[in-house]
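Colleague: Dropping a structure here in structure tokens format, bear with me for questions.
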Amino acid sequence: MHFTFTTLLLTLSLSSIGLSQETCPTIPDTGVEIGEPVPLKPDDIPKGCSAYEILVARGTSEPSYPKYGIIVGDPVVSNASIKLQGIQGYPYPASSQIVSGGEQGINDIVQRLISQSRLCPNQTFALVGYSQGASIMHLATDRLPASVLPKIKSVVMFGDPNNKLGLLGQFRLALRAKALGICAPGDPVLVCKA
């Protein structure tokens, strides 16, 4: 059976978010108010090389509990880790400051992909973005050197605000066939095409 890393992430993601409201985890009280930056914890940054690394850019002020974002990141990384050995996740600092905070996230993702590609030549990547994080992934991939693009095996965006602007799938040509957008009909932030 042949499947792509994108298909695996989609299946794992949908199985993790397909829960009823009654069975969804309770969002922890982190003391972070909407719009406040959620800091990146140094202990959450993986060390060394792995077969796969999933870089997760969470939504605006989404709690990082436990590590990658309670809505999308943690379920995706957790489920992927069950199915594939050698997976590690990588978080980024979400902030309501899409201009200044976004720039920090963009630079962080670009630097992580470049440095890991040099240090770990066999490592491959999946990029997962939720809401603001999806916008960050669009901007980060625009800044990557062409040599890094073949190492990115999957690009999965949830609630991508670029969809509203008609830009879904407008990743660089080398990534478009690896890109998947998932949205919920009725989402007030974006237009979800049925």
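The numbers here are math on the coordinates, done by the rules we state, and not lab data. If you're wondering where the values come from, they're calculated on a predicted model, not measured in any experiment. Every residue, glycine among them, receives a Cβ derived from its backbone with ideal geometry; neighbour counts consider all protein chains shown.
Colleague: Quick check for you: which residues of the range 113-153 have the amide N under 20 Å from the point 7 Å beyond the Cα of ALA184 toward its beta carbon?
Modeller: Under 20 Å, as judged by backbone N against the label point of ALA184, lie 128-136 of the range 113-153.
Colleague: Sticking with this one: Per residue of the range 72-77, in order, report the coupling 6.51 cos²θ - 1.76 cosθ + 1.60 (Karplus, θ = phi - 60°) as ³J(HN,Hα) in whole Hz, putting x for Gly and Pro.
Modeller: With coefficients 6.51, -1.76 and 1.60, one gets 10, x, 4, x, 5, 5 Hz.
Colleague: If you don't mind, there's one more thing I want to ask. Subtracting the Cα-Cα distance from 0.36 nm times the residue separation, let me have the gained length for ILE114 to SER78 in nm, one decimal. Don't skip to the end; give the middle numbers.
Modeller: Details: separation 36, 0.36 × 36 = 12.96 nm, distance 2.44 nm.
Result for the pair: 10.5 nm of gain on full extension.
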